[in-house]
Each structure stands twice: as structure tokens, then as C-alpha cells.
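Have a look at the structure below, then the notes.
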Amino acid sequence: MTANAWLQLALYMGVLLALVKPLGGFMARVYEGEPHLLARWVGPLERFCYRLLGVDATEEMTWQRYAMALLLFSGCGFLAVYLLQRTQGMLPLNPAGMAAVPPAVAFNTAVSFVSNTNWQAYGGEATLSYLTQALGLTVQNFVSAATGMAVLVALARGISRHETAKLGSFWTDLVRGTLYILLPLSTVLALLLVSQGVVQSLEPYQTATLLEAAGPDSARVTTQVLPMGPAASQIAIKQLGTNGGGFFNVNSAHPFENPTPFSNFLQLLSILLIPAALCYTFGQLVRDTRQGWTLLAAMTVVFTALLLPTVLAEQAGSPPILAAGVDQAAGPLQAGGNMEGKEVRFGVTSSALWAIATTAASNGSVNAMHDSFSPLGGLFPMWLMQLGEIIYGGVGSGLYGMLLFAIVTVFIAGLMVGRTPEYLGKKIEAYEMKMASLAILIPNLLVLICTAVAVSTASGRASVFNPGPHGFSEILYAFSSMANNNGSAFGGLGAGTTFYAVLGGVAMWLGRFWVLIPTLAVAGSLARKKRVPVGSGTLPTHTPLFVVLLIGTIVLVGALTHLPGLALGPIVEHLQLFAR
Amino acid sequence: MRTLLRPALVALLVLSLITGVVYPAAITGVSAVLFPREAGGSRLLAGDTLLGSALIGQGFTEPGYFWSRPSATGPVAYNGAVSGGSNLGPSNPALHEAIAARVAALRAADPGRTDPVPVDLVTASGSGLDPHITPAAAAYQVPRVSRARGVSEDSVRTLVAGSTEGRQFGVLGEPRVNVLRLNLALDGLTPAP
């Protein structure tokens with residue numbers, strides 16, 4: 001790794017961690033309904049929303065009612081996005097004249113955005129109207145993120161409260177998360193991105209005259225289309241809400257979506273900003289900030305441990321390309337490395353960092369084509385998704401997934417010493433363990449079963465683009481991404497077919513809601529329990545020892561489940577490529 | 001359940017209005033005032049003619065122009081209507097063949113060269129619209145361009161330096177040369193080949 005690579009990575013981690021406490025503390029005040037900076041300006045709008053909804057902001061819900069409200073709201077969102085895509089040809093704000101999206105792709109896309117996955121079975125600039133992008137996708141980018149944060153807050157309340165059935169109101173958590181957290185941050189980020197050159201315009205696509213005509217003489221092309229659109233406003237929230245669905249087909253590799261190294265830095269920061277800061281918010285909500293820092297430490301250790309080998313793998317280059325007479329070495333005039341599918345302005349360092357951040361969080365946006373990464377450079381992002389999107393993870397969903405692992409960890413530790421396990425003053429019993437196991441096992445099962453179905457059916461194999469083990473990696477990556485609500489892809493896979501659109505849509509739906517509902521059930525169960533005082537048999541959950549135990553549990557589950565699959569894909573490919 | 005359905009529907013409508021209409025419209029409006037050039041795609045104009053965007057690359061094959069990176073967009077390279085990468089995997093023989101063919105094409109346009117070719121010049125970018133090449137890829141092409149144009153290598157190098165950007169704030173990203181700007185500057189030096 002070059003000196004500049006170390007500097008860029010250190011700067012990124014430094015800025016990210018420095019923002020955890022201020023933003024995390026602010027978010028805690030928002031969800032607790034305490035006075036804060038924005039309450040004066042946005043407060044009237046918040047109260048007006050409740051009046052329109054016809055709800056009492058102070059009326060709290062049981063976990064079942066909370067879950068039902070959430071499911072109804074998500075169901076309405078799904079229908080809205082689906083219908084918008086099917087009717088966009090007849091609706092306004094469609095200057096490029098996009099036709100209705102086919103049913104299977106529309107279904108997949110609707111599930112994808114409602115479940116905060118943002119898997120793209122479509123190409124943005126060639127499929128969707130401005131109206132669908134803004135009113136369908138941008139809206140879900142906000143509310144699916146706010147939904148994830150709401151569930152986390154409900155779980156935190158379940159832990160901190162005792163002997164009650166109430167977890168708060170889904171409506172207030174949804175509205176507050178959207179109005180006070182996501183909207184202000186997106187506004188600032190969108191304007192910063194426009195200043196860097198991200199387009200934000202309702203004009204139709206522009207046509208430029210090429211300096212040198214392209215194509216063969218029989219089909220001379222003398223012009224180039226410059227796509228336009230309200231991109232910056234959508235890109236800001238797709239990064240902040242760990243959504244990841246790009247405005248353009250190639251996402252943040254597109255120069256209009258991510259034009260400069262600074263826009264890249266801002267977007268990278270936005271991927272992990274809220275998920276990391278929520279650790280501090282959680283600490284505040286359970287009135288013990290050490291607990292939040294402990295979880296953040298475990299995440300940061302795993303993140304760093306997988307980031308460095310990815311950068312190294314991308315910088316290393318490949319023997320067949322060297323043999324073709326190509327200079328892949330880093331020097332004063334070039335960063336070198338594996339540049340297939342990467343942009344010059346980002347080079348290998350920023351591209352590898354993005355790949356790890358976007359798969360650690362369930363973001364799924366890309367600034368380089370993961371399909372063309374080196375075998376090991378593709379392995380670590382894939383494994384980060386398979387761990388369950390809990391290394392920072394999705395907004396809200398990452399931390400509630402991590403908390404389920406913390407519950408499993410105290411349970412395992414309890415078994416080792418023969419004590420009843422406790423977490424943050426609550427006894428962990430059979431019911432919590434069943435729910436936590438369900439939430440952890442379901443995405444893993446989905447990945448393995450869907451991959452097995454795809455490789456054993458002709459329609460699954462027909463979409464594969466690259467030959468050999470890499471083709472298997474494409475399928476494994478696809479379902480790792482969808483079942484864990486990431487959304488990034490090995491893009492060579494033809495994911496627009498009915499097979500992948502439907503199977504993937506089902507995987508995304510189950511991967512989101514079959515994790516979220518058990519989590520709320522745990523929250524409801526913990527809230528009802530009495531608080532147990534800390535005793536000599538209590539395992540402290542704010543120590544380096546607990547960080548080690550927690551990481552051990554995560555790695556054990558992730559490695560046992562997925563090493564066989566990874567061995568058949570990227571590991572075989574690596575051996576083939578470097579054994580020559 | 002009926003008591004939850006109304007808030008669910010109304011919440012979706014209200015939040016759609018705020019985040020799907022007011023928010024993008026406000027960002028569009030403020031951008032048009034604060035950053036009109038950037039919001040409109042950083043257009044390069046000659047009078048009323050739109051020459052392209054400073055951010056979107058164009059393809060070049062003439063020896064007298066600097067060549068951009070290979071582009072995987074179809075049906076022609078640098079098709080702004082559909083962005084895309086090659087998605088070729090690292091072990092795919094098609095990738096290795098494509099790279100060997102690009103090396104051969106660069107050497108055919110510049111006979112006698114056997115030195116290694118900078119990697120970005122023979123690999124397809126992620127977007128297929130990469131406006132940049134590395135300073136190494138520009139330096140590699142200086143002898144060919146200067147011969148084809150009949151101008152000294154030093155004057156070409158001066159133009160390259162003028163189109164080169166360093167790391168942003170000295171730290172972020174990688175140094176790069178904007179190919180379209182550079183070729184427009186070349187046409188200002190001598191008539192187009």
C-alpha cells in the first residue's frame with residue numbers, strides 16, 4: 001500500500017469516528033423527544049403531520065401493534081412504487097418517454113426499495129421516469145431508512161424499560177427520523193454534491209456534438225447524449241439511508257453521480273455515518289454509553305481487518321495482465337493496480353474502501369464494478385454481506401442485527417460458565433434466543449437455498465456472464481446481497497430475468513421483515529421483564545473481553561455458514577489466477 | 001388494524017409530498033441559483049454548440065488525439081445514454097484477450113514502442129464514461145500525438161500539464177488528466193487532424 005493510501009484510509013476513519021458522538025447524541029434527543037436544535041424550526045411541521053395522520057403522538061404501542069403499523073406502512077409503500085412504475089408512461093415528468101416497467105422487474109424494484117435493499121434489476125437512465133425516481137424511489141429511500149431506525153429505537157426501549165408492554169409509537173419514530181435526521185442531512189449533502197458537479201436538473205437529456213465521430217463508417221455516431229435529472233437529491237439520501245440505488249445505471253461510478261474525489265469522500269462518509277453514530281444513540285437510550293462504544297469497537301475491528309487485505313488485493317494486479325505488457329505498478333504518475341471497472345479519479349484505494357464500506361453497511365451503492373475486482377477483492381465484500389450486514393450495517397438494521405448477536409454471545413458465554421445469561425439488566429431466556437436465532441438464520445438460509453436453486457436450474461444458470469468459478473461467484477454474490485438487503489451486485493449477472501427478479505424479490509422481502517419482526521418480538525419480551533441487578537455472576541458487556549467474544553461469535557457463524565460457498569467461488573478463482 | 005390503515009396511507013402521502021416533491025424541488029431550485037453550471041452537467045460550450053461535458057469522456061481513435069480509456073458501453077464507446085462497465089471477471093480469458101488487443105493497437109499506432117502500457121489505458125472504466133486518464137497514460141501518448149500533429153513533444157507536454165489535476169486537497173483520489181479538455185486544447189494549438 002502507498003503512503004497516500006494509508007493517509008486516505010486514516011482520514012476516512014478519523015472523520016467518521018469523530019462524528020459519532022455529536023450526531024449520535026443529537027439522534028438520541030430526537031427519539032427521546034427532548035429539546036434539540038431543529039425542534040423550533042421543524043416542530044410545527046412534525047405536529048402538523050400527526051394531525052393529518054390522525055394520531056396521538058404520545059400514544060404508545062405494543063410490539064405487535066408496532067409491527068403491524070410498520071408492515072401496513074411498508075405494504076402501502078410497495079403498492080405505490082409498483083403502480084408508479086407500471087403507469088409511468090401515462091404520467092407527467094417523463095421527458096425521455098420511458099414506457100411501463102415490466103411486471104417482474106417492477107415487483108423486484110418495489111420490494112427492493114421498500115426493504116432498504118435497492119438492488120437494481122433496471123438501468124436508471126434507460127428505464128425510469130423522473131417522476132418514478134423522485135416520487136417512488138427517493139421517498140422509499142427516506143422512509144425505509146426511517147423504518148429501520150425506528151425498529152432499533154424500539155429495541156433500545158425494550159431493553160431500557162421494564163415491566164411494560166409499550167415500545168413507543170411507530171408513527172412518531174417514523175416522522176421524527178425522517179424530518180429531523182434524514183431530511184436535514186440529505187439537504188446539506190445534496191447541495192455539497194451539486195457544488196462538485198452532480199447534476200440536479202429537470203431539463204431533458206442534452207445532445208452534444210462529438211469532437212471525433214465514433215462507430216464504423218456504416219453507422220457513424222456524431223453526437224453524445226448527456227443524461228440529466230434530479231440526481232443529487234436522490235444520491236444524498238441513497239448514501240445516508242444505506243439504500244444504495246443509483247440514479248444512473250453504474251451508480252456512483254457515473255461521473256454525473258460522483259464527479260470528484262471530494263464528492264466520493266462525502267458519499268463514502270455518508271454510507272457509514274448514521275449506522276456508526278447510532279451506536280452512541282443506543283448507548284444514550286439505554287443510559288450506558290459504554291455499551292454503544294463497545295459495539296462500535298467490535299464493528300470497527302472487523303471493518304479494518306477486512307479493509308486492508310481488500311486494498312492490497314486490488315493493488316496487487318494480476319499475472320495474465322502483466323504478461324500482456326501492461327504496467328500495473330504504483331508509481332509517481334499512476335496508482336496502478338486492478339483498474340478494470342474502476343475510475344481514474346478514484347483509483348484502487350478509494351474504490352476498495354468504497355467496496356468494503358458499502359457491503360459492511362447494507363448500502364450497496366458502488367463506485368467501481370465489483371464483478372471485475374480481483375478474486376480476493378471480491379471475497380471480502382461478499383463475506384461482509386453474508387455476516388448479516390451488522391458491521392455498522394444498515395441504518396438501524398445494522399445495529400439491531402448486532403444486538404441480536406450480542407444476545408447470542410451472552411447466551412454462549414452463559415453456557416460456558418453455567419449462569420443464566422443477562423444483557424443490560426435483562427435475563428436472556430428461551431424466547432429471546434429463539435427469536436435471535438430466527439433472525440440470524442433466516443438470511444443465511446435464504447442465501448444458501450436461493451444460490452442452490454439458481455445453480456441447479458437452467459434459468460438460474462442462463463444469466464451467468466463470466467465463465468468458471470467466477471460465474472458461481474456472481475450467483476452467490478447476488479443472493480448474499482438480496483437476502484441481506486445490500487443491493488450491490490456482480491453486475492455481469494443478468495438480473496433482469498423473471499427468475500432473478502421474482503426469486504430475488506422474495507429473498508429481499510423475507511430478509512428484511514423476517515429479521516425485523518423477530519427483533520420487535522425480542523424488544524416486546526425484554527420490555528416486559530423485571531430488571532435484574534448486576535451481580536458477581538454478570539458478564540460485563542462493555543469490556544475488551546466482550547468485544548472479543550462478540551467478534552468470535554459473528555465470525556464463527558459467518559465462517560461456518562459461508563466458507564464452503566466462498567471456497568467454490570473466489571478462493572478457487574484466486575488459486576487458478578495466481579498459479580499460472 | 002383499521003385504525004392503523006388510515007395513518008399508514010396518510011403517512012405515505014404526507015412523507016411522499018415532503019421527501020418526493022418538496023425536497024427535490026427545493027434542492028433543484030437552490031442548486032440553480034448557487035451552482036447553475038454544475039447542476040446542469042458542467043457543459044463545455046463553443047458559442048451555442050454543446051461540445052460535451054467536462055465530466056463525461058468521449059472516445060478517440062485518431063493518432064493526433066489523446067485516447068481515452070476503453071469504454072464498455074454499447075453500441076458505441078462512450079454512449080452517454082447507457083452507462084456501463086465490462087463486468088469481465090479477473091480470470092475471464094475474454095478480459096485478457098481484450099487487453100492484449102488494446103496493447104497491440106496502441107503499439108501499432110506508435111511503431112517501435114515496446115515499453116509497458118499504463119494499466120488504465122487498456123482497461124475499461126466502471127462507468128464507460130471516465131473523462132480521465134492517469135498522467136502515466138498521458139505521458140505514454142505524448143510521442144505519438146506530437147508526431148501526428150507535427151509539434152514538439154515539449155509543447156504537447158505543456159498542454160498535458162494544463163489539463164492535469166492533482167489529488168483533491170492534496171490527499172483525496174488520484175492525479176488525473178481530462179482527455180476532452182486536453183484534446184480541445186490541442187485543437188487550439190494546431191488544426192484538428
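The values are calculated or read from the model by the stated rules, or taken from the named source; none is laboratory data. For clarity, every value in this text was computed on a predicted model and none was experimentally measured. Cβ sites come from the backbone with ideal geometry, for glycine too, and all protein chains shown count toward neighbours. SASA here: full protein model, heavy atoms, side chains in, ligands and nucleic acids out. Shrake-Rupley method; radii C 1.70, N 1.55, O 1.52, S 1.80 Å.
Structure values in brief
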read-out: Violating pairs (Cα-Cα greater than 20 angstrom) within the set A:166/A:529; A:21/A:427; A:166/A:427; A:21/A:238; value: A:21/A:427; A:21/A:238
read-out: In nm, spacing of pseudo-spin labels at residue A:559 and residue A:462 (7 Å Cα→C-beta vector); value: 4.1 nm
read-out: Theoretical gain in end-to-end length, residue A:203 to residue A:305 [0.36 nm per residue, Cα-Cα removed]; value: 32.2 nm
read-out: Helix-only [θ]222 nm of the protein assembly as shown, DSSP H runs n ≥ 4, -39500 (n - 2.57) each, per residue, nearest 500; value: -18500 deg cm²/dmol
read-out: Total accessible surface hidden between A and B, rounded to 100 Å², 1.4 Å probe; value: 8500 Å²
read-out: Positive-end residue of A:232, A:362, B:114, charge dipole of the protein assembly as shown with Cβ unit charges; value: A:362
read-out: Zone of residue A:579's modelled label, taken as backbone nitrogen in region B:75-100 under 19 Å from a point 7 Å along Cα→Cβ; value: B:90-93
read-out: For region A:440-511, accessible area per residue (1.4 Å probe, heavy atoms of protein chains only), Å²; value: 31 Å²
read-out: Alpha-carbon centroid distance for the pair region A:291-343 / region A:73-142, whole angstrom; value: 34 Å
read-out: Computed FRET value (nearest 0.05) for residue A:531 with residue B:94, which takes r as the C-beta separation and R₀ as 51 Å; value: 0.20
read-out: Average accessible surface area per residue within chain B, 1.4 Å rolling probe, Å²; value: 39 Å²
read-out: Size of electric dipole in chain A: Cβ of Lys, Arg +1 and of Asp, Glu -1, about Cα centre, debye, nearest 20; value: 1600 debye
read-out: 12 Å beta-carbon shell around residue B:76, net charge (K/R +1, D/E -1); value: 0
read-out: Region B:1-40 - percent of accessible surface contributed by carbon and sulfur, probe 1.4 Å; value: 77 percent
read-out: Paramagnetic reach from residue B:157 in region B:163-193 [backbone N under 13 Å; point 7 Å along Cα→Cβ]; value: none
read-out: Summed side-chain charge close to residue A:273 - residues other than residue A:273 whose Cβ falls under 14 Å, Lys, Arg +1, Asp, Glu -1; value: +2
read-out: Virtual spin-label span in nm between residue A:45 and residue B:105, 7 Å along Cα→Cβ; value: 5.0 nm
read-out: Listed peptides A:358-364, A:280-286, A:399-405, A:300-306 by packing density, highest first (mean Cβ within 10 Å); value: A:358-364, A:399-405, A:280-286, A:300-306
